Amino acid sequence: MIYLFIMQMAASSACLLGNGLSTHRTKSKLSKDFYGRNIVFTPAISSLGRKSNAVLVKASLKLKQHEGRRGFLKSLLGTAGIGVPALLGNGKAYADEQGVSSSRMSYSRFLEYLDKDRVKKVDLFENGTIAIVEAVSPELGNRVQRVRVQLPGLSQELLQKFREKNIDFAAHNAQEDSGSLLFNLIGNLAFPLILIGGLFLLSRRSSGGMGGPGGPGFPLAFGQSKAKFQMEPNTGVTFDDVAGVDEAKQDFMEVVEFLKKPERFTAVGARIPKGVLLIGPPGTGKTLLAKAIAGEAGVPFFSISGSEFVEMFVGVGASRVRDLFKKAKENAPCIVFVDEIDAVGRQRGTGIGGGNDEREQTLNQLLTEMDGFEGNTGIIVIAATNRADILDSALLRPGRFDRQVTVDVPDIRGRTEILKVHGSNKKFETDVSFDVIAMRTPGFSGADLANLLNEAAILAGRRGKTAISSKEIDDSIDRIVAGMEGTVMTDGKSKSLVAYHEVGHAICGTLTPGHDPVQKVTLIPRGQARGLTWFIPSDDPTLISKQQLFARIVGGLGGRAAEEIIFGEPEVTTGAAGDLQQITGLAKQMVVTFGMSEIGPWSLMDSSAQSADVIMRMMARNSMSEKLAEDIDTAVKRLSDSAYEIALQHIRNNREAIDKIVEVLIEKETMSGDEFRAILSEFVEIPAENQVPPSVPTPVSV
C-alpha cells in the first residue's frame, strides 16, 4: 500500500510538470496555455459539476534547483509516459490542442527562427536566462512546437526585436505552485517511508508473520538476551559420558546434589555456590561438563556465549545481561552457562587506548547482576574459559565465582578412560590396546582422543576393513601429530642419508641414560619431515629431571652427529634445522627458567615476558645486565657442546650397529621400537634405566 500511494501521487506530479507529456485534445475553455502559464478551470470542466474556485497551476522550471530533491522519483516515474489525474481538486489539466515537444533549441537556431518570423510566443524565466518558445517548425509540418532555449541573458536588443516582430512575450517570477511543493514533500519523505516499510516487512518475514515490538525478528530489539533456554534440558550427556576429569566432575556432582537435595546441606549451614568457573586448555571437556550438569540437574538451563553480549551499539551488551538475569530470576532455581566468558570479562582498563567502553559497561552490568545490591538467589552461573589470566579480578572473587575448577589435559589413566568412552560405539581388532594408545598420546586432550579414534575409523573404512586395527591407530596418531603421509622417497642417496639421520636419533637417545624409549623409526615422509623417530615416555612427564632434559638434547643432536660421522662434515644437510631449534630452546630453558646450570638456581625470565598477552610481552622490561646475558649465552653453548660431543661419541663407537639397523630400515621403511632394541642389543648393552620389556598388547574389552 505504501508503494502504490507514493507511485500514484508521484505520477500525478509528473503529469503536471512534464514538458508536454500528454497530447490529449479538448474543447475546454482555457484562458492561456498550460506550460508556464496560469490555467483557469471553468466550472464546466469540473467532473462533479459543482462550483469550484479557480485553481492556479504554475509550473516551475527550476530544474537544476530541484533536481536533487526530485531526482529519486523522477528516475522512478519520469519515463512512465502515462497521464494521471492532477493532485489538486477534482479538476484536470490538459495541454494545448497544439503539439507539444520536450526538445531543446540552441540559441543560434532560436535567433534564426526569430529572423524568419517563425517565433509566435516567448515565456521568460530565471531572470531572462531560460525561455520557453512556441515556434512554427517546418520539420513538423508547420505545426507549433514548444522548445526550451538557454539564453545568455536578457538584453534590451532582444526585447526590442520581440517588439519589432510583434511577438507575444512575458516574464514570470520563480515561485512554486502547490503541486510542486507537494511533489517536493513526497520526494523528501519517499526514501524514509520505503526504508521503514522494508524494515517492517523484513521483521514480519523473519518472525514468521508474528513479529512485533519485542518479538522475535523485530529489528530494533537489540537489547534482548540471545541465551538459549531449556526448561527441561535434554542434552543427551550425563556424567557417565565425562571421563578423565574426575576432580572437576566431583565438584559438579556436588552442585547437582545440592539442587536435588538442598536440605541435606542447609541443615549444616551450607549455601549453594553462586558461580563455578571452568579453566583449562581447549578441548579438555569444559563445555561437555556443562552439558552433563544440564542433563543431570533437572532445573531450567540457560546457555549463551560471551561474544553474544558484545554488539556494535553502545549499551546493548548491558541490556542483554539485564534481560538474561531477569529471565533467570523468573525461572529460579536455574543454571546459567556462559561459554568463552573472556570475550566479555577481560581486565578493565587494559589494551591500547585504555580499553573498550562498551565491553566494560557490559562487564560492570555482569558484576552487578552476579553479586550486586539485589543479589541473584537461586541462580548458579557456570562459565568456561581458557584465558583465566586476562579475566578481571572483580569477576574472579568469591561471591561471584566461588569455585575455580581447573580442567587440565588428562593423565595416562584419564586418557584410557576417555578412550573407553569414545570407543564404546566402535569395533576394534584384538591387537588394539587402549593402554598402549594412552601411553603413545601424552598431552592429548579429550577432543584430540575423540578425533584420533574417528580418524582411525575413517581409515579402516577406506581400507575396506570391518574393525579398527593397531595399524589404523598408529597411522592416525602420525597424521594428527606430524601431518599427512607423503610420497615415499626413491632416491637412494637421499633415502640413505635420512635413514642414517633417524637412526642417529634413535641410537643417541637409547644409549643416553634418562632418555625416553624408542617407539618406532620410519622413513615415510609426513608433513615437512622426510623421516621420523618416535619416543614414548614411560609415564606422564609431570616432573622432568636434569638428566632427562640433557638426554633429550643428546638425542636431538644425534641426527646431525650421524650425518657428520657417516658422510663427513661437508655433507651435513639442512635436515637438522628443526632439531637444532628444539634443543637450543630446551637448553635455554634449563639455564633461564629451571636454573640447571653453573650460573645458579636463578629464575632469569621476567614474568611479564611469559604472559599470554601480546601487549604485556611487548612492555616487558629486560631485567638482566649485559654480563648476565653473556653468562646465559655461555651456559647454553656449553650445554649444547657437551651434548654434541656425547652424540658424536655414540655414533663413532656403534658404527657397525648403525649400518645394520640402517640396512633393515631401508628395506622395511618402518621399524618398531622392539625390533630396533633387539638389533642394537646384539652389538652394545643398553643402559639399565633405558631397557624396556617387549610390549604385549592387551585386547580391548568393549
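The values are calculated or read from the model by the stated rules, or taken from the named source; none is laboratory data. A quick note: this is a predicted structure, and the numbers were derived from the prediction, not measured. As a convention, Cβ positions derive from the backbone with ideal geometry for all residues, glycine included, and neighbour counts pool all protein chains shown.
All of 367, 395 fail the test of being surrounded by 21 or more Cβ atoms within 10 Å (Cβ to Cβ) and either in contact with an Asp or Glu (Cβ under 6 Å, 6 or more places away or on another chain) or not hydroxyl-bearing (Ser, Thr, Tyr) (or both), apart from 395. Checked against (1) modelled with pLDDT of 85 or more; (2) surrounded by fewer than 16 Cβ atoms within 10 Å (Cβ to Cβ); (3) closer than 29 Å to residue 445 by Cβ; (4) of a type outside the set (Gly, Ala, Ser), residue 234 passes all but condition (1). Does residue 412 satisfy being among the β-branched types (Val, Ile, Thr), under 31 Å from the mean Cα position of the chain (by Cα) and modelled with pLDDT under 90? So residue 412 does not fit the description; no.
For beta carbons closer than 8 Å, sequence separation of 6+ or different chains, a first residue in the range 262-277 that is in the same structural domain as residue 401 (by TED's automatic domain parsing) and a second that is of a type in the set (S, T, N, Q) and part of a loop (DSSP other than H, G, I, E, B), the qualifying pairs are 274/376. For the residues 467, 456, 438, the requirement of being among the small types (Gly, Ala, Ser), surrounded by fewer than 18 Cβ atoms within 10 Å (Cβ to Cβ), more than 30 Å from residue 655 (Cα to Cα) and not assigned by TED's automatic domain parsing to the domain that holds residue 684 singles out 467.
Can you tell me which residue within the range 652-687, out of those that are charged (D, E, K, R) and part of a loop (DSSP other than H, G, I, E, B), is farthest from residue 596 (Cα to Cα)? Residue satisfying both the conditions and the ranking: 669. Report yes if some residue within the range 333-351 is among the small types (Gly, Ala, Ser), assigned to a helix (DSSP H, G or I) and closer than 28 Å to residue 411 by Cα; otherwise report no. Looking through the range 333-351, none of the residues is among the small types (Gly, Ala, Ser), assigned to a helix (DSSP H, G or I) and closer than 28 Å to residue 411 by Cα. Contact map, the range 557-571: first residue in contact (Cβ under 8 Å) with a residue 24 or more places away in the chain and assigned by TED's automatic domain parsing to the domain that holds residue 587, second residue in a helix (DSSP H, G or I) and acidic (Asp, Glu), Cβ cut-off under 6 Å, separation 6 or more or different chains; pairs are 559/579. Among the residues making up the range 138-178, those that are closer than 14 Å to residue 110 by Cβ, touching a residue at least 12 places away in the same chain (Cβ under 8 Å) and not in a loop (DSSP other than H, G, I, E, B) are 145, 146, 147, 148, 149, 150, 161, 162, 169.
Tallying residues that are assigned to a helix (DSSP H, G or I) and surrounded by 12 or more Cβ atoms within 10 Å (Cβ to Cβ) within the range 113-137 yields 2.
Exactly one residue out of 444, 434 is aromatic (Phe, Trp, Tyr), more than 20 Å from residue 672 (Cα to Cα) and in contact with a Leu (Cβ under 9 Å, 6 or more places away or on another chain): that is 444. Scanning the range 228-274 for residues being of a type in the set (A, V, I, L, M) and farther than 28 Å from residue 422 by Cα gives a total of 6.
The condition (being part of a helix (DSSP H, G or I), in contact with a helix residue (DSSP H, G or I) (Cβ under 9 Å, 6 or more places away or on another chain) and farther than 30 Å from residue 520 by Cα) is satisfied by just one residue among 439, 370: 370.
Which one is nearest to residue 435 (Cα to Cα) among residues in the range 651-702 that are modelled with pLDDT under 85 and buried (at least 18 other Cβ atoms within 10 Å of the Cβ)?
In this case the residue turns out to be 700.
Within the range 270-307, how many residues are assigned to a loop (DSSP other than H, G, I, E, B), surrounded by 22 or more Cβ atoms within 10 Å (Cβ to Cβ) and not hydroxyl-bearing (Ser, Thr, Tyr)? The number of residues fulfilling the criteria is 1. Scanning the range 634-650 for residues that are small (Gly, Ala, Ser) and within 47 Å of the chain's Cα centre (by Cα), we see that the one that is surrounded by the most Cβ atoms within 10 Å (Cβ to Cβ) is 643.
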